[in-house]
Amino acid sequence: MTTLLQRPAAGFEVRRATRASRVAILALLIAALAVAGGPWWAGREAMHDFVQLASYLVFAMMWNLLAGYGGMVSIGQQAFFGIGGYGMLILSTYCGVSPFIAVPVAALVAVVVALPVSLVAFRLEGGYFAIGTWVIAEVFRLAFANVSALGGGSGTSLIALESFSRATRESLTLWLALGIVAAAIGLSYAFLRSKAGLALTAMRDNPVAAASQGVDVARSRLVVYLVSACGAALAGGLYFIGNLRISPDAAFSVNWTAFGIFIVLIGGIGTLEGPLVGALVFFVLNKFLSDYGTWYLIGLGLLAIAVTICFPKGLWGFVSQRFGLQLFPVGRRVVFLENEAAPQASANGVAGALDAPSAAHRRA
């Protein structure tokens, strides 16, 4: 018994990072440096493609944050996408603000607009909330379509960009897209690792139980709604800077939310990695198959159904579960360390018998 008491206990550490996460961070840094140098090595089409991919990715990440983590399924997030685009247009055309600075400023305007909108939307629950957000987006679309100074229903071009040369405009747009993507990933990761992120996850699983444990459900819902609105507006401003033209039907189209839902379902809802995977899949399909028109949309629907049936947690969810990979781990895990004194203590028969299950546990 004395030997057992003198035997040092097996050590352990509480860690968050994994080997896969370290490799992922390194890969993302290398990719970011490559994209930042795009104006010197990439063609105009490649830079435009990255801007579009960034818009899809950021919008899908914000929808995933709202529905996948906050448990609020919205089909009206295109409202803030359009506000971001038109806010950028108004600030750059009528206020003399640089279009590239107007994008983040318009995102802050979207947050201000989201505050009164939330008072209406949060009075609804479940399916009523989803349809209600769609109705709100349609109200914004009709409102902007009736403003003749903004081009009315036919839209208008972004004349504020005429002061930039083509090369300068494309380079600044690329760097803006890279900055928005980096901010969206980094801030979302930091948010989900915080106490607010933990409260958000608890609220998604069971709002009543979360409230009983001291989580301010109403405040958490509002915070994630405002963050999602800000991100969607950033994606909208970025997209229309890249396209050089904006119209109500394009800015407030429900297709944006449909594409966001598709990306998240394909990649994996409720994960940070899912929208990354889904956005890449969607971009490739959109790039090479969109010319098929209706058949393309039918194909997207069939693919979404097939993935939902075969991989309920999405492509990344399947890979993560199958191989235990986590590129952006938001939780902590206990890692048992090898005890150097274990061989000496195991000389005692009883101590050696106790070592067996603990060693097996460490291997598990």
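The values are calculated or read from the model by the stated rules, or taken from the named source; none is laboratory data. All figures in this text were calculated on a predicted structure; none of them were measured in a lab. Cβ atoms come from the backbone with ideal geometry, glycine included; neighbour counts cover every protein chain shown.
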Breaking point among (1) within 18 Å of the chain's Cα centre (by Cα); (2) β-branched (V, I, T); (3) at pLDDT 95 or above, for T201: (3)
Conditions (1) over 17 Å from Y56 (Cβ atoms); (2) in contact (Cβ under 8 Å) with a residue 40 or more places away in the chain: number failed by Y292: (2)
Qualifying residue in region 175-193 (condition: outside any helix (DSSP H, G or I), surrounded by 16 or more Cβ atoms within 10 Å (Cβ to Cβ) and assigned by TED's automatic domain parsing to the domain that holds A121): no
Number of the condition not met by V277 [criteria: (1) over 28 Å from S21 (Cα atoms); (2) touching a Gly at 6+ places or on another chain (Cβ under 7 Å)]: (1)
Residue list for region 30-65, filter: surrounded by 12 or more Cβ atoms within 10 Å (Cβ to Cβ) and outside any helix (DSSP H, G or I): A42
Residue match in region 129-149 (condition: part of a loop (DSSP other than H, G, I, E, B) and either among the aliphatic types (A, V, I, L, M) or over 23 Å from the mean Cα position of the chain (by Cα) (or both)): yes
Search result, residues across region 265-311 that are closer than 18 Å to N255 by Cα and in a loop (DSSP other than H, G, I, E, B): G293
Filter result (buried (at least 17 other Cβ atoms within 10 Å of the Cβ) and of a type in the set (A, V, I, L, M, F, W, C)) within region 197-214: A199, L200, A202, M203, A210
From the options G82, G68, residue that is assigned by TED's automatic domain parsing to the domain that holds W256 and either over 17 Å from I241 (Cβ atoms) or over 19 Å from the mean Cα position of the chain (by Cα) (or both): G68
Boolean, E125 is assigned by TED's automatic domain parsing to the domain that holds D205, at pLDDT below 95, of a type in the set (D, E) and more than 21 Å from the chain's Cα centre (by Cα): yes
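So that you can scan it fast, the table gives a plain yes or no per residue for (1) at pLDDT 90 or above; (2) surrounded by 16 or more Cβ atoms within 10 Å (Cβ to Cβ); (3) touching a Pro at 6+ places or on another chain (Cβ under 8 Å):
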position: Y292; (1), (2), (3): no, no, no
position: V307; (1), (2), (3): yes, yes, no
position: W316; (1), (2), (3): yes, yes, no
position: G331; (1), (2), (3): no, no, no
position: V335; (1), (2), (3): no, no, no
position: Q344; (1), (2), (3): no, no, no
position: G349; (1), (2), (3): no, no, no
position: D355; (1), (2), (3): no, yes, no
position: A364; (1), (2), (3): no, no, no
Test: residue in region 225-238 that is surrounded by fewer than 24 Cβ atoms within 10 Å (Cβ to Cβ) and either in contact with a Cys (Cβ under 9 Å, 6 or more places away or on another chain) or of a type in the set (D, E) (or both): no
Restricting region 25-65 to residues that are within 18 Å of I241 (Cα to Cα) and of a type in the set (S, T, N, Q), the residue that is nearest to the chain's Cα centre (by Cα): S55
Flag for A27 being closer than 20 Å to V281 by Cα, aliphatic (A, V, I, L, M), surrounded by fewer than 24 Cβ atoms within 10 Å (Cβ to Cβ) and out of contact with any helix residue (DSSP H, G or I) (no Cβ under 8 Å at 6 or more places or on another chain): yes
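Okay, residues lined up against (1) at positive phi; (2) out of contact with any helix residue (DSSP H, G or I) (no Cβ under 8 Å at 6 or more places or on another chain):
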residue	(1), (2)
A121	no, no
E125	no, yes
T133	no, no
I136	no, no
N146	no, no
G155	yes, no
I159	no, no
Output for region 80-112, where each listed residue is in a helix (DSSP H, G or I), closer than 17 Å to L176 by Cβ and without any contact (Cβ under 8 Å) to a residue 24 or more places away in the chain: L91, I101, V105
